[in-house]
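The structure appears right after this line, and notes come after that.
The values are calculated or read from the model by the stated rules, or taken from the named source; none is laboratory data. A quick note: this is a predicted structure, and the numbers were derived from the prediction, not measured. Every residue, glycine among them, receives a Cβ derived from its backbone with ideal geometry; neighbour counts consider all protein chains shown.
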């Protein structure tokens, strides 16, 4: 686990906890995407106004900035 934490910090990534406002946003999302883990990532990105690193084109239907096309 320490390697993961060191590597993400070295590369400028931040671990984002799941907050109540993320869950509230999650509850309002359309079901374009059915994967619950991806849906929480989408909700976090929308609430935090952050881009998401993903190859999954379904993320685009939520109007989120997807990094990695």
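Scan the range 1-18 for residues that are over 18 Å from residue 53 (Cα atoms) and touching a residue at least 24 places away in the same chain (Cβ under 8 Å) and the total you get is 0. When residues in the range 1-28 are screened for being surrounded by 10 or more Cβ atoms within 10 Å (Cβ to Cβ), out of contact with any helix residue (DSSP H, G or I) (no Cβ under 7 Å at 6 or more places or on another chain), at pLDDT 95 or above and assigned to a helix (DSSP H, G or I), 2 of them pass.
The rows are residues; the columns are (1) farther than 14 Å from residue 16 by Cβ; (2) free of Cβ contacts under 8 Å to residues at least 40 places away in the same chain; (3) in contact with a strand residue (DSSP E or B) (Cβ under 6 Å, 6 or more places away or on another chain); (4) not in a helix (DSSP H, G or I).
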| position | (1), (2), (3), (4) |
| --- | --- |
| 30 | yes, yes, no, yes |
| 37 | no, yes, no, no |
| 44 | no, yes, no, no |
| 47 | no, yes, no, no |
| 50 | no, yes, no, yes |
| 55 | yes, yes, no, yes |
| 58 | yes, yes, no, no |
| 61 | yes, yes, no, no |
